[in-house]
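Comments concern the structure below.
The values are calculated or read from the model by the stated rules, or taken from the named source; none is laboratory data. None of the values given here were measured: they were computed from a predicted structure. So basically every Cβ, Gly included, is an ideal-geometry build from the backbone, and we count neighbours across all protein chains shown. Quick note on the areas: whole protein, heavy atoms, side chains included, nothing else; ligands and nucleic acids left out. Shrake-Rupley method; radii C 1.70, N 1.55, O 1.52, S 1.80 Å.
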Amino acid sequence: MQSFVDRLDHPAYVVTVAADGERAGCLVTFASPCSIKPARFMVWLSTLNRTYRVARSADQLAVHLLASDQHALAELFGGETGDRVDKFARTPWTPGPGGVPVLDDTLAWFAGRVEGHVDTGDHIGFLLSSVAGETQEATDRRPLCLSDVVDITAGHPVS
């Protein structure tokens, strides 16, 4: 299976969350639409990640689609850990639905209500239904993909 997975070059996302007076966010590469009707999206968070610890008690998460020119933002959310760094002090953002942090200038974002969790091993899937979101007008910017972020050393161990 690994050789199959190695051929994939899907988008990378930043997931943000606010719960119990804390904010967190991380770069994720395990995410996918998973239902058309009703519309659902699944993001998987590493159980070793601070974002997962905050998200466990959250009602909503925000999922951000970055542009290929936003490698520095991906590096901030993927290469640093919120256990040591306030990522939100280093990038512009605004409070979104339910107080979830929404990062400025991404290609698109949506806030999703957590409908359920799925234990898949070292990652937990968060099943989301959209409550709000925005997409940039037509643009030539392409999404940031897995191949664009392989150089980022994770702020937390990956498994």
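Ordering Arg141, Arg113 from largest to smallest accessible area (1.4 angstrom probe), what's the sequence?
Arg113, Arg141
Tell me, what is the percent relative contact order of the chain, built from C-alpha pairs under 8 Å that lie six or more residues apart?
In percent, rounded to a whole number, it is 29.
Using a ≥ b ≥ c from the Cα gyration tensor of region 18-84 (square roots of the eigenvalues), is it rounded, prolate or oblate, where a/c under 1.5 gives rounded and otherwise the larger of a/b and b/c decides, a/b for prolate?
Numbers: a/c = 2.04, a/b = 1.15, b/c = 1.77.
It is oblate, given that a/c is not under 1.5 and a/b is not larger than b/c.
Using a 1.4 angstrom probe, figure out how much accessible area region 1-133 has per residue, in square angstrom, rounded to the nearest whole.
Counting only protein heavy atoms, the per-residue value for region 1-133 is 49 Å².
Within the accessible area of region 1-124, what % is carbon and sulfur when the probe is 1.4 Å and the other protein chains stay in place?
Its accessible area is 52 percent carbon and sulfur atoms.
What is the packing order of peptides 59-65, 45-51, 103-109, 83-89, taking the mean over residues of other C-beta atoms within 10 Å and listing the highest first?
59-65, 45-51, 103-109, 83-89
If you average the alpha carbon positions of region 71-114 and of region 122-141, how far apart do those two centres end up, in angstrom?
Cα centres, region 71-114 to region 122-141: 12 Å.
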